[in-house]
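Below: one structure, written as C-alpha cells.
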Amino acid sequence: MPEARPSGGQRPESPREIVLTDDGPMLVSGPVEIVLPDGSRVRSDRPVTALCVCKRSRRQPFCDTSHRCRVRIGDSTEEEDRAQPESASTR
C-alpha cells in the first residue's frame, strides 16, 4: 500500500499516536484538526485531545467525561446510572 503524504510531497515528521481506551475516549496526540460530519472543522492545540466515542458528551466531538456516569453490569449490554440523585437537603 502506498504511503500517504501531505500536500507538497513532504513526509510528516512522525506519525500521530491514537490511543483507544476500553471505557473512555479516543486519545489523539495533538494538535489536531477534526472534520465533522457536516464538513465543518474544529481544531485542538492541546498536546493530547480526548475525542468522545460513546456519544454522551455535550461537547462533541470532545470528551466531557459523560461516559463516567454509567457503568456496565456484568457481560450484558445493560447499564446502570451511577449519578447520585440530589437530596432535599442539598437543594
Scan region 60-77 and report the pairs whose first residue is closer than 24 Å to A50 by Cα and whose second residue is part of a loop (DSSP other than H, G, I, E, B) and modelled with pLDDT under 60, with Cβ atoms within less than 9 Å and a gap of 6+ or a chain change.
R68/R82; C69/R82; C69/A83; R70/R82; R70/A83; V71/R82; R72/E78
Pick from R46, R11, R16, R5: which is basic (K, R), modelled with pLDDT of 90 or more and either at positive phi or not in a strand (DSSP E or B) (or both)?
R46
Is region 77-85 home to any residue that is modelled with pLDDT of 80 or more and not basic (K, R)?
no
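Would you say V53 is surrounded by 12 or more Cβ atoms within 10 Å (Cβ to Cβ) and either modelled with pLDDT under 65 or not in a strand (DSSP E or B) (or both)? Walk me through how you get there before you give the answer.
Working: surrounded by 12 or more Cβ atoms within 10 Å (Cβ to Cβ): yes; either modelled with pLDDT under 65 or not in a strand (DSSP E or B) (or both): yes.
Criteria met by V53.
The values are calculated or read from the model by the stated rules, or taken from the named source; none is laboratory data. All values derive from a computational prediction rather than experimental measurement. Please note: Cβ atoms are built from the backbone with ideal geometry, for glycine as well, and neighbour counts cover all protein chains shown.
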